[in-house]
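Here is the structure we will look at.
The values are calculated or read from the model by the stated rules, or taken from the named source; none is laboratory data. From a predicted model like this one, the values you see are computed outputs, not experimental measurements. Please note: Cβ atoms are built from the backbone with ideal geometry, for glycine as well, and neighbour counts cover all protein chains shown. The accessibility values were calculated without ligands, DNA or RNA, using every heavy atom of the protein model including side chains. Shrake-Rupley method; radii C 1.70, N 1.55, O 1.52, S 1.80 Å.
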Amino acid sequence: MVNGSVSDRTVEFLLKFGDRGRIVLQTALDCSYENEKNELGDFSYKDIVQKLQDLGYSFDPKMILRALEKDYGIIETTYKSNNQHWWKFIDKEQVENVINENKENDPRVELIKIKFYSLEPQKIERKLELMSKKTVLTEVDKKTFRLMVFDELSKLAEIYEEASQYEETLVIADKVKRILTLASIIARKVYGKGYNKGLSEEKGKEGENHDVNSIRLPYSENYFSDKS
């Protein structure tokens, strides 16, 4: 039997049995709602087969039900005779939570979350906070910052664009924005008072054509105020 909580075991089960396992598990949940006051259990083999047929499925759920009980410990037998077999969920609420999360999660949204947290954003933010509080940055600080800009921060900027497209990841977009704002503070320390001055002077000289051809740097102060 798989170790861990019922939630963990349900996730493992779904990974192993895919769509067919999810269909049987959801069908078992649906039957349990209909049999809520049945003393024999949450659902029976006949219940599952009948409901699957009603939904247009023709496969036999017997092996999947066996795995749910024997291999994953998600259900257990409550009654068995020559012509009946009933089970109950060991923890129905945990199973429901996993199923509902699985329904709601868009793979693209999940990938954004995976990308973001794989970069260990808390560590990046802590490093930047320490640098931002320094009055003078050492050469080692500057080198560390440059490496971060072209590695983690560049990747975070890409994640920001993706995260901004989905309501579920707007929180991640805000976190990235905060990290890049810290990076902007440090960039000013590195470059000094001319951080934005050079750009504005060049714009004044080139006139309207500059607006058409220019590329706006994501670390400028205006970038963050415009996006807020």
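Output the residues belonging to the range 121-135 that are assigned to a helix (DSSP H, G or I) and either of a type in the set (Lys, Arg) or more than 14 Å from Phe145 (Cα to Cα) (or both).
Within the range 121-135, Pro121, Gln122, Lys123, Arg126, Lys127 meet the criteria.
Please identify the pairs in which a residue from the range 1-30 that is of a type in the set (Gly, Ala, Ser) has its Cβ atom under 6 Å from the Cβ atom of a residue that is at pLDDT below 90 and crowded, with 16+ Cβ neighbours inside 10 Å, counting only partners at least 6 apart or on another chain.
Cβ pairs passing all conditions: Ser7/Val98; Gly21/Leu14.
Among the residues in the range 138-152, are any open to solvent by 80 Å² or more (accessible area, probe 1.4 Å) and among the polar types (S, T, N, Q)?
No; the residues of the range 138-152 include none that is open to solvent by 80 Å² or more (accessible area, probe 1.4 Å) and among the polar types (S, T, N, Q).
Every residue in the range 161-174 that is outside any loop (DSSP other than H, G, I, E, B) and within 14 Å of the chain's Cα centre (by Cα), please.
Matches in the range 161-174: Glu162, Ala163, Glu167, Glu168, Thr169, Leu170, Val171, Ile172, Ala173.
How many residues, within the range 66-107, are in contact with a Gly (Cβ under 7 Å, 6 or more places away or on another chain) and surrounded by fewer than 11 Cβ atoms within 10 Å (Cβ to Cβ)?
Residues that pass the stated criteria total 0.
Checking Phe116 against (1) of a type outside the set (Ser, Thr, Tyr); (2) surrounded by fewer than 18 Cβ atoms within 10 Å (Cβ to Cβ); (3) outside any strand (DSSP E or B), which single condition isn't satisfied?
(2)
For the condition at pLDDT below 90, in a helix (DSSP H, G or I) and of a type in the set (Ser, Thr, Tyr), what is the one hit in Ser154, Ser200?
Ser200
Output the residues belonging to the range 26-56 that are in a loop (DSSP other than H, G, I, E, B) and either in contact with a helix residue (DSSP H, G or I) (Cβ under 6 Å, 6 or more places away or on another chain) or on the phi > 0 side of the Ramachandran plot (or both).
Gly41, Asp42, Gly56
Table: residues versus (1) on the phi > 0 side of the Ramachandran plot; (2) free of Cβ contacts under 8 Å to residues at least 24 places away in the same chain; (3) part of a strand (DSSP E or B).
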position	(1), (2), (3)
Ser58	no, yes, no
Arg66	no, yes, no
Glu69	no, yes, no
Gly73	yes, no, no
Trp86	no, no, yes
Glu93	no, yes, no
Asn97	no, no, no
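Can you pull out every residue in the range 33-56 that is over 19 Å from Tyr79 (Cα atoms), open to solvent by less than 100 Å² (accessible area, probe 1.4 Å) and touching a residue at least 24 places away in the same chain (Cβ under 8 Å)?
Once the filter is applied, which keeps residues that are over 19 Å from Tyr79 (Cα atoms), open to solvent by less than 100 Å² (accessible area, probe 1.4 Å) and touching a residue at least 24 places away in the same chain (Cβ under 8 Å), the range 33-56 yields Lys51, Leu52.
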